[in-house]
Amino acid sequence: MRILDLLIARQVLGALALAWFVLVGIDLVIYASAQLLRLDRLGIGLGALLEHLAWTIPRRAYELFPTAALLGSVLGLGQLASRSELIAMRAAGASKLRIAGAVLFTLSALLAVVVLGGETVAVSGERRAQAAMVRSGGGGVELIGSGLWAREGRDVLHARTALLDADEGLRLRDLRLFRLDEDARLRELWTAQAAIWREGSWTLLEVRRLVFSEDRIEDVRHPKLVWASELDPQLLRLGAIRPRYMPVRELRAQIDYFERNELDATEYRIALWARVFYPLNVLAMCLCGLPFAFGSPRGAGFGRNLFFGVMLGIGFWLAQRALVNLAQVYGLDLLAVSGLPALAFGAAGIAWLRRTR
């Protein structure tokens, strides 16, 4: 059986590597083509763009691995079936479930490396990719065009532009600070051109301060004004990064901050559970497609079965994402919605393999 496991692993890994390379290459070419058309508008050089593209490869590989794993497992077994090697394995006493187990064990070993890379290399690479654009452009990269919102206690901050410097420092521009009282009524409104973090506090530049009282509004202007707040610039910097590009540790820190200030952390919870259930979703996705790899290689419908296997696996992945979006809209439990589909489809795939052994 060890020889059979090695044969299956070699076949699956070979098909997976080829599919992975092609998928990442296509994704990279499509993105590069779009960026080349915007090269003059971005104000960066071709060398900086190539560096940017190179640093995004680990993140793209992480995101496309589930599809590559599905294609590799189904096509790998399909190649064995085309040479009648699957028939020989089953004649030697290996059941469909045993063969599928060898495939899943191979994928699990590779998954451990992919998950580790997704938490470290992919995250670091994505930020270095942004830094490459910054260095070439000589300024900052606007990460959130609609603005950045934050809350600390009864103070609510809105910055229309959040810029990430080349050293990953955060600069806020064109901001408003709403200061509320205990009854959530507006007490003061500050507007400022920029905000800088210095020695444990925020320094606001070119500030206009409106103080609201019962009978009048006081308008005061300051060239500089210190906002004594414990709002961590690191949390703001994380808020300017897409949640799906953040590792588990940073997602938890951001969720803790949102919960402490009674803010909606749904988007970050979705990204967190997507990270946590990533290995389970990949294996369940492959289990959906594996039963279609078993069949008579001489039958006219064998290629059709392989196609249906791949489509079913991809359909599971899309359905799982659709359920998460519905849970976000209707307030369903994100943990259950993120984990139960993978368990259900995985159990169905195992039952199918056992029934047709």
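Throughout, read-outs are computed from the coordinates displayed, never taken from laboratory work. Note that the structure is predicted; figures quoted are calculated from it, not measured. When we count neighbours, we look across all protein chains shown, and the Cβ atoms used for this are built from the backbone with ideal geometry, even at glycine.
Some points to look at:
- GNM result for the chain, Cα springs below 10 Å: residue of GLY45, GLY125, GLY72 fluctuating most strongly: GLY45
- Cut-off of 10 Å, at most 14 other beta carbons, DSSP loop: longest stretch of the chain lacking such GluC sites (Glu not before Pro): 1-167
- Where only DSSP H runs of four or more residues are counted, the chain gives -21000 deg cm²/dmol as its mean residue ellipticity at 222 nm, each run worth -39500 (n - 2.57).
- Compactness of the stretch 1-114, taken as the C-alpha radius of gyration over 2.2 N^0.38 Å, stands at 1.43.
- Computed magnitude of the charge dipole of the chain (debye, nearest 20; Cβ of K, R +1, Cβ of D, E -1): 1800
- Per-selection Rg to Rh, the chain - Cα, Kirkwood hydrodynamic radius: 1.10
- Multiplying the residue separation of ARG154 and ILE3 by 0.36 nm and subtracting their alpha-carbon distance yields 47.8 nm.
- 20 Å cut-off, amide nitrogen to a point 7 angstrom out along VAL121 Cα→Cβ, residues in the stretch 42-64: 50-64
- J(HN,Hα) series, the stretch 254-262, from Karplus relation 6.51 cos²θ - 1.76 cosθ + 1.60, nearest Hz, glycine and proline x: 5, 5, 4, 5, 5, 5, 5, 9, 6
- Simple spin-label estimate for LEU50 and LEU340 in nanometres, 7 Å along Cα-Cβ: 5.2
- Shown is the FRET efficiency for ASP215 and GLU259, computed with R0 = 45 Å from the Cβ-Cβ distance and rounded to the nearest 0.05: 0.70.
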